[in-house]
Amino acid sequence: MALFNCSFHNHTVLSPCADISMSSDLYKELLLKSNINWLAITDHNSTRNIRPFINYFSNTDIKIVPGIEVQTIEEVHVIILFNKLDEAEKFGKFIESSLIINKYDPEKFGYQICLNGEGDFEYILENPYLGSSSKYSINKLVMEAKKYETIVFPAHIFRAFGLITQLGLPPKDIEFDAVEVKNEKEIEFAKDLGFSNFIFGNDAHTPDELNHFSCQVRAKNRSFIALKEAIYNKKVYPIWQH
Amino acid sequence: MILEDIISEFNLELVNEGNLKVKINAGVIGDLLSEVMRNGKENCIWITHQTHQNIIAVAEVIGAKAILIPENLNYLPETLERAKDMRINLLKTELSGFEITGKIYKILKDNGSI
């Protein structure tokens, strides 16, 4: 068993609200400094930059998990991590085509930049607007996500766009693999609400948000299966930022 | 003011019927259910764009007597199911949230209900 330094919630230049410098080049520099060696790329409502990131990091000791942060019709942010890249990409297209705002002004809301495998800017995604909600409900989303090998968890559940902020209480009929919380108080509240599995991410939108790791995972390797096992075996340890 | 009088006054569509004879003497608007849980008052009408089934549980918790969605939005199927079980009044209107809130506020204020 080894101990890995992790963040399972991170944005790239593709997310309109992320800093325009959040390319794979800058990621590499920041991750080497912060010693993160297992992270998920979870842009808003799209998976277009995952393959470029995986290619870019293929000769490094940094392991990338394909993911997406979907905004449901209830405006709840839900993260889905995938075992297989092609399934993540298929799901990303499915979500993109469900977004309810198509046209937007990048000058006001931020550019959506797609990279290539060398880490260079490839093109700007003009529509849909990735900051939009999907037309799918949280129930429908989770049901669709569970058709694949996935880890499904609501992001920052007590913050803006969080499950509990939006919906008041945990939905009765949805089973998540884990929930994301941001500090000790929140983890205690979450336990009171009945949640028992936890996962943590930096929710990095800017370079300074990649200067630490938000959790450590004890696992035999950095495979998707090992991550899922670690979640269920409570081997994901938060590193709180104060 | 009695709920069924509000419904007929503003021609609201009744999507699920509970007790229509209840008195409404408060109102709340909000799409964040955590906020509504904090601020909602008993015997209120709640105007929201949120259609997830948890609105039914929150209405129960705060003692709301009716939920109203504007803009001709639709309740999710599972929300309707749950409302039937709980006998919660679900309403809708084609008016915007701003407009219907203003109208309901005015009538409740004018007749001394709030």
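The values are calculated or read from the model by the stated rules, or taken from the named source; none is laboratory data. In this text the structure is predicted, and so the values were computed from the model without any measurement. For neighbour counting, all protein chains shown are included, and Cβ atoms are generated from backbone atoms with ideal geometry for every residue, glycine included.
Residues in the stretch A:1-55 that are assigned to a strand (DSSP E or B) and within 15 Å of the chain's Cα centre (by Cα) were compared, and the one that is farthest from A:Glu122 (Cα to Cα) is A:Cys6. Candidates are the residues of the stretch A:217-236 that are crowded, with 17+ Cβ neighbours inside 10 Å and β-branched (Val, Ile, Thr); the one that is farthest from A:Val179 (Cα to Cα) is A:Val217. Within the stretch A:76-124, the residues that satisfy the criterion of being surrounded by fewer than 18 Cβ atoms within 10 Å (Cβ to Cβ) and of a type in the set (A, V, I, L, M) are A:Leu85, A:Ile100, A:Ile101, A:Ile124.
For the residues A:Phe153, A:Phe161, A:Phe176, the requirement of being of a type in the set (A, V, I, L, M, F, W, C), crowded, with 17+ Cβ neighbours inside 10 Å and outside any loop (DSSP other than H, G, I, E, B) singles out A:Phe153. In the stretch A:73-96, how many residues are in a strand (DSSP E or B), away from chain B (no Cβ under 14 Å) and aliphatic (A, V, I, L, M)? Of the residues in the stretch A:73-96, 3 are in a strand (DSSP E or B), away from chain B (no Cβ under 14 Å) and aliphatic (A, V, I, L, M).
One residue stands out in the stretch A:56-69 among those that are touching a Lys or Arg at 6+ places or on another chain (Cβ under 9 Å) and in a loop (DSSP other than H, G, I, E, B): the one that is surrounded by the fewest Cβ atoms within 10 Å (Cβ to Cβ), namely A:Thr60.
Please go through the stretch B:47-91 and pick out each residue that is within 12 Å of chain A (Cβ to nearest Cβ) and of a type in the set (Lys, Arg). Matches in the stretch B:47-91: B:Arg82 only. In the stretch B:42-78, the residue that is surrounded by the fewest Cβ atoms within 10 Å (Cβ to Cβ) out of those that are modelled with pLDDT of 95 or more and among the acidic types (Asp, Glu) is B:Glu42. Only a single criterion out of (1) within 14 Å of chain A (Cβ to nearest Cβ); (2) touching a residue at least 24 places away in the same chain (Cβ under 8 Å) is not satisfied by B:Ser34, namely (2).
Within the stretch B:98-109, at least one residue is small (Gly, Ala, Ser) and assigned to a helix (DSSP H, G or I). Taking the criterion of being among the β-branched types (Val, Ile, Thr) and more than 18 Å from A:Val65 (Cβ to Cβ), the only residue of the stretch A:194-238 that qualifies is A:Thr206. The set of residues from the stretch B:13-47 being in a strand (DSSP E or B) and either in contact with a His (Cβ under 8 Å, 6 or more places away or on another chain) or more than 15 Å from B:Leu91 (Cβ to Cβ) (or both) comprises B:Lys23, B:Ala26. Between A:Gln241, A:Gln216, the distinction of being of a type outside the set (Gly, Ala, Ser) and within 15 Å of A:Leu3 (Cβ to Cβ) belongs to A:Gln216 only. In the stretch A:119-134, the residues that are on the phi > 0 side of the Ramachandran plot reach residues that are crowded, with 18+ Cβ neighbours inside 10 Å with C-beta atoms within less than 6 angstrom, at least six apart or across chains, in these pairs: A:Gly119/A:Ser23; A:Gly119/A:Ser24; A:Gly119/A:Tyr56.
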